Amino acid sequence: MKVKILNEAGYAQAMLGLSLSYNQPIENMPAVACKLIPKGGSHIKFLESIAVWLDITAARYWWQQFDTYRVGVTKQSGSTMHTLMKRELDFDDFETMTAHVLTAINWHIRNSDPLLVKAILPEGFLQRRIVCTNYGTLRRVLIQRHHHKLHEWTTFRQAILAQVEHPEFFGRERMLREKLAALIHDMWSGWIDHVASKSTFNFDGSMTIPAGFVVRRERQMRGSYDDLSEEEKDSDRREADKVLALLKEHFAASGRMEEGK
Ligand SMILES: Cc1cc2nc3c(=O)[nH]c(=O)nc-3n(C[C@H](O)[C@H](O)[C@H](O)COP(=O)(O)OP(=O)(O)OC[C@H]3O[C@@H](n4cnc5c(N)ncnc54)[C@H](O)[C@@H]3O)c2cc1C
């Protein structure tokens, strides 16, 4: 599944509209908007003014569930009627596929029988659609499909939270989770990079880590943080500072964490 936000528009207009309700300067509105988010319902009508265009390629079984959202969403899809018979299909055209079903579909394509191809086309067939919706609808979808059995909903949620320009309107905790996950990923890839920089690469694609490096890391791994030298602790402290900076930024907005505490 692929989910890409193509464009967003209307944030400034949504804030202007909100300022009319509150008769306050527009500069105050982002903070007011964040306070309104937990209230939900008609308090967050302003989210409907922020339009979002998405480019989604997903299995038709996922589209069936997405199609239950009728309000504030419109789509333009690839037409199976116009495109299905143009070429033989491949494993890449499906979320999952077996060889014998693919053979049967392609046999009907070669025999130019579009109705039979459509009749036996599995729900795993990937279809691309351009979706036009808004923050209000997206927020409802994300809440309703949290912890859903279909893994595509997790992919969808993560893609939306990672790409929207204003994740604060989707819940501050979720936004913080995404930021922490990205930071942990950076730490992990930084560490792998460091190991690779100390190692040599062999012709068969494997990597040899020097014995001295392995011994040092073994000692660090087996011992606790308290057993490390001050220099080694500093390295971990620098990583901790990155987490702390994210947490400070997060809690500063809600006034729950003060400088120095
Ligand atoms: C886990 C899960 C399982 C589900 N299983 C099923 C199932 O087995 N069968 C099934 O049929 N559906 C199922 N649904 C779909 C569900 O019933 C909704 O149709 C879908 O989630 C769309 O939600 P919605 O109604 O909020 O959104 P929309 O249809 O986009 O509507 C948005 C909002 O507009 C308002 N609205 C929409 N239509 C009307 C109306 N006619 N009158 C008054 N107000 C309206 C409501 O406030 C609604 O919340 C499931 C949903 C989930 C999350």
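The values are calculated or read from the model by the stated rules, or taken from the named source; none is laboratory data. Just so it is clear, the model here is predicted, and its values are computed rather than measured. Every residue, glycine among them, receives a Cβ derived from its backbone with ideal geometry; neighbour counts consider all protein chains shown.
On the given criteria, is Leu102 in contact (Cβ under 8 Å) with a residue 12 or more places away in the chain, in the same structural domain as Arg60 (by TED's automatic domain parsing) and within 20 Å of Asp55 (Cα to Cα)? No.
Quick grid of which residues meet (1) at negative phi; (2) in contact with a strand residue (DSSP E or B) (Cβ under 7 Å, 6 or more places away or on another chain); (3) at pLDDT below 95; (4) not assigned by TED's automatic domain parsing to the domain that holds Leu126:
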site: Asn7; (1), (2), (3), (4): yes, yes, no, no
site: Lys35; (1), (2), (3), (4): yes, no, yes, no
site: Gly41; (1), (2), (3), (4): no, no, yes, no
site: Phe46; (1), (2), (3), (4): yes, no, no, no
site: Ala51; (1), (2), (3), (4): yes, yes, no, no
site: Gln64; (1), (2), (3), (4): yes, no, no, no
site: Met81; (1), (2), (3), (4): yes, no, yes, no
site: Leu84; (1), (2), (3), (4): yes, no, yes, no
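State which residue is farthest from Asn106 (Cα to Cα) when the search covers only the stretch 59-85 and only residues that are outside any helix (DSSP H, G or I) and away from the ligand (no atom under 16 Å from the Cβ).
Step one: list which residues in the stretch 59-85 are outside any helix (DSSP H, G or I), which gives 59, 67-79, 84-85.
With the extra rule that they be away from the ligand (no atom under 16 Å from the Cβ), the set shrinks to 59, 76-79, 84-85.
Values: Ala59: 19, Gln76: 26, Ser77: 22, Gly78: 19, Ser79: 18, Leu84: 10, Met85: 9 Å.
It comes out as Gln76.
Scanning the stretch 149-193 for residues that are closer than 30 Å to Ile209 by Cβ, surrounded by 15 or more Cβ atoms within 10 Å (Cβ to Cβ) and among the charged types (D, E, K, R) turns up nothing. Considering only the stretch 91-99, I want to know if a residue exists there that is in the same structural domain as Ile56 (by TED's automatic domain parsing), among the aliphatic types (A, V, I, L, M), touching a residue at least 24 places away in the same chain (Cβ under 8 Å) and over 30 Å from Lys248 (Cβ atoms). Yes, there is a match, as at least one residue in the stretch 91-99 is in the same structural domain as Ile56 (by TED's automatic domain parsing), among the aliphatic types (A, V, I, L, M), touching a residue at least 24 places away in the same chain (Cβ under 8 Å) and over 30 Å from Lys248 (Cβ atoms). Evaluating Phe125 against the criteria (1) among the hydrophobic types (A, V, I, L, M, F, W, C); (2) in contact (Cβ under 8 Å) with a residue 40 or more places away in the chain; (3) within 14 Å of the ligand (Cβ to nearest atom) leaves one unmet condition, (3). Would you call Ser112 out of contact with any Phe, Trp or Tyr (no Cβ under 9 Å at 6 or more places or on another chain) and at positive phi? Yes, satisfied.
Suppose we filter Leu183, Leu150 for residues that are of a type in the set (A, V, I, L, M, F, W, C) and farther than 30 Å from Lys86 by Cβ; which single one remains? Lay out the reasoning, then the answer.
On the way: Leu150 fails: farther than 30 Å from Lys86 by Cβ.
So the residue among Leu183, Leu150 that is of a type in the set (A, V, I, L, M, F, W, C) and farther than 30 Å from Lys86 by Cβ is Leu183.
On the stretch given as the stretch 108-127, residues that are surrounded by 15 or more Cβ atoms within 10 Å (Cβ to Cβ) and within 29 Å of the chain's Cα centre (by Cα) total 6.
Filter the stretch 134-170 for residues that are in a loop (DSSP other than H, G, I, E, B) and under 23 Å from Gln13 (Cβ atoms) and give the result.
Selection gives Val164, Glu165, His166.
Only one entry of Lys39, Lys45 meets the criterion of being under 16 Å from Phe170 (Cα atoms), more than 14 Å from the ligand (Cβ to nearest atom) and either surrounded by 14 or more Cβ atoms within 10 Å (Cβ to Cβ) or not aliphatic (A, V, I, L, M) (or both), and that entry is Lys39. Whether a residue is among the aliphatic types (A, V, I, L, M), crowded, with 16+ Cβ neighbours inside 10 Å and within 29 Å of Leu150 (Cβ to Cβ) was assessed, and Ala58 passes this test.
Screening Glu88 with (1) surrounded by 10 or more Cβ atoms within 10 Å (Cβ to Cβ); (2) part of a helix (DSSP H, G or I); (3) of a type outside the set (A, V, I, L, M) gives one miss only, at (2).
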